[in-house]
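Each remark here refers to the structure printed beneath this line.
The values are calculated or read from the model by the stated rules, or taken from the named source; none is laboratory data. The shown structure was predicted, so the numbers you read here are calculated from the model rather than taken from an experiment. No Cβ is skipped: glycine too gets one built from the backbone with ideal geometry, and neighbour counts run over all protein chains shown. We work out accessible area using only protein heavy atoms, side chains counted, and drop any ligands, DNA or RNA first. Shrake-Rupley method; radii C 1.70, N 1.55, O 1.52, S 1.80 Å.
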Amino acid sequence: QVQLVESGGGLVQSGGSLRLSCAASGFAFSTYAMSWYRQAPGKQRGFVARIYSDGSTNYMDTVKGRFTITRDNAKKMVYLQMNNLKPEDTAVYYCYCNIDLKGYWGQGTQVTVSS
């Protein structure tokens, strides 16, 4: 079955960096777009970044120039490199994939940015 497992979260100071990873299994990874979402305390889950099967990407405005999404089809991995982190980036980050109109989520990884 489809599984998405995130890792790489943690506590970092403002201005620091983290790289999140998402290990995918159970589907033809290379043919699907992969996304990262995040949910801060008391807020709705929101879109962060997406990478398509052709490698093209898009980002939410507030992370453009700071975050980079990449994928490794051979390893079935998707990554989110986060630089110049800010306290407002604090959230649980989720890996997401839509396969045949059904959405799949990972369990999430906590990112906490201290000021």
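Determine the shape class of the chain: with a ≥ b ≥ c the square roots of the Cα gyration tensor eigenvalues, call it rounded for a/c under 1.5, and otherwise prolate if a/b is greater than b/c, oblate otherwise. Prolate shape, in that a/c is at least 1.5 and a/b is the bigger ratio. Site pair Trp105 and Ser14 shows an inter-label distance of 2.9 nm when each label is modelled 7 Å from Cα along Cα→Cβ. Basic side chains Lys and Arg get +1 at the Cβ, acidic Asp and Glu get -1 at the Cβ, and with that the dipole of the chain about its Cα centre reaches some 60 debye. Relative to the current alpha-carbon distance between Lys75 and Gln3, full extension at 0.36 nm per residue lengthens the span by 24.5 nm. Computed over protein heavy atoms with a 1.4 Å probe, the carbon and sulfur contribution to the accessible area of the chain reaches 48%.
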